[in-house]
């Protein structure tokens, strides 16, 4: 019986732990991501939009001021 329970519990613990480690790593990478004006313009063009200088500065400012929401522990 223990030959089935221990591997299943180990698999579940690995999956849950891997998920949380992956989510933490992704959140940290996204918070450190910075884009310059050329990258923003290229991203906009790939979505079929052409930004003028005012729009480009606005997007850049919004990206700089945007912070990822922290999970609040209740």
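The values are calculated or read from the model by the stated rules, or taken from the named source; none is laboratory data. Just so it is clear, the structure is predicted and the values come from calculations on it, not from any experiment. Counting neighbours? That spans all protein chains shown, and the Cβs are built from the backbone with ideal geometry, glycine included.
Scan region 41-56 and tell me whether some residue there is under 17 Å from the mean Cα position of the chain (by Cα) and at pLDDT below 90. Working first, answer last.
Step one: of region 41-56, the residues under 17 Å from the mean Cα position of the chain (by Cα) are 43.
Among the residues that remain, those that are also at pLDDT below 90 are: 43.
For region 41-56, residues under 17 Å from the mean Cα position of the chain (by Cα) and at pLDDT below 90: present.
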Checklist outcome for this item: Pairing a residue in region 59-72 that is at negative phi and modelled with pLDDT of 65 or more with any residue that is surrounded by 10 or more Cβ atoms within 10 Å (Cβ to Cβ) and assigned to a loop (DSSP other than H, G, I, E, B), where Cβ atoms lie under 7 Å and the two sit 6 or more apart in sequence or on different chains, gives 59/51; 63/35
Next on the checklist: Restricting to region 26-48, give me the number of residues that are loosely packed, with under 13 Cβ neighbours inside 10 Å and assigned to a helix (DSSP H, G or I).
Outcome noted: 11
Checklist entry - Does residue 21 count as in a helix (DSSP H, G or I) and at pLDDT 90 or above? => result yes
Checklist entry - Only one of these conditions is not met by residue 18: (1) surrounded by 10 or more Cβ atoms within 10 Å (Cβ to Cβ); (2) within 19 Å of residue 60 (Cβ to Cβ). Which number is it? => result (2)
